[in-house]
Amino acid sequence: MKAYLYKFGMSIKSRLDRLSFRTGVIVLSMCVPFYIISFAQMALPFSAGTKGVLWALFFGLAKTAQYGGLTILGAEGIKRLKNMVGK
């Protein structure tokens, strides 16, 4: 089972590595609105259970976008992004 999960994870990583730099930046930038929504929804008049479910959903989406974007960009893409932001 452990070998299967490792192979499955590497399969996903190899597919993400084939995506473009622009796609990585877009996916990475999507984590910002998901983080904002995950905490801003606490101000809405919902029950505590509903708020917990919404927080887990949007926080999970934020983490997925964050790590997916970083995987798509890779080390070279991160350096390229830092150079773009620094200018």
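The values are calculated or read from the model by the stated rules, or taken from the named source; none is laboratory data. Because the structure is a prediction, the values reported are computed rather than measured. Neighbour counts are summed over all protein chains in view; Cβ atoms, including those assigned to glycine, are modelled from backbone coordinates with ideal geometry. When the accessible area is computed, the model is the full protein with side chains, heavy atoms only, and any ligands, DNA or RNA have been set aside. Shrake-Rupley method; radii C 1.70, N 1.55, O 1.52, S 1.80 Å.
Overall, the accessible surface of the chain at a probe of 1.4 angstrom is composed of carbon and sulfur to the extent of 71 percent. Each of Met30, Gly86, Gly52 was placed along the dipole of segment 9-87 (beta-carbon charges, centred on the mean Cα), and the one lying farthest toward the positive end is Gly86.
With each run of n ≥ 4 DSSP H residues scored as -39500 (n - 2.57), what mean residue ellipticity at 222 nm is computed for the chain after dividing by its residue count and rounding to the nearest 500 deg cm²/dmol? It lands at -29000 deg cm²/dmol. Let's see if you can work this out: charge +1 on each Lys and Arg Cβ, -1 on each Asp and Glu Cβ, no other charges. What is the dipole magnitude of the chain about its Cα centre, in debye to the nearest 20? With only Lys, Arg, Asp and Glu charged at Cβ, the dipole is about 300 debye. Here the gap between Met1 and Ile36, fully extended at 0.36 nm per residue and compared with their Cα-Cα distance, gives a gain of 8.9 nm. Over segment 41-87, all Cα pairs binned in 5 Å intervals from 0 give whole-percent P(r) values of 5, 20, 15, 15, 11, 10, 10, 9, 5, 0, listed from short to long. Each listed q (0.18, 0.25, 0.26 Å⁻¹) maps to a log10 I(q)/I(0) for the chain, found by the Debye formula over equal Cα scatterers with no solvent: -0.84, -1.09, -1.13. Taken per residue, the accessible surface of the chain reaches 75 Å², heavy atoms only and a 1.4 Å probe. Measuring between their Cα centroids, segment 18-54 and segment 69-83 lie 21 Å from each other.
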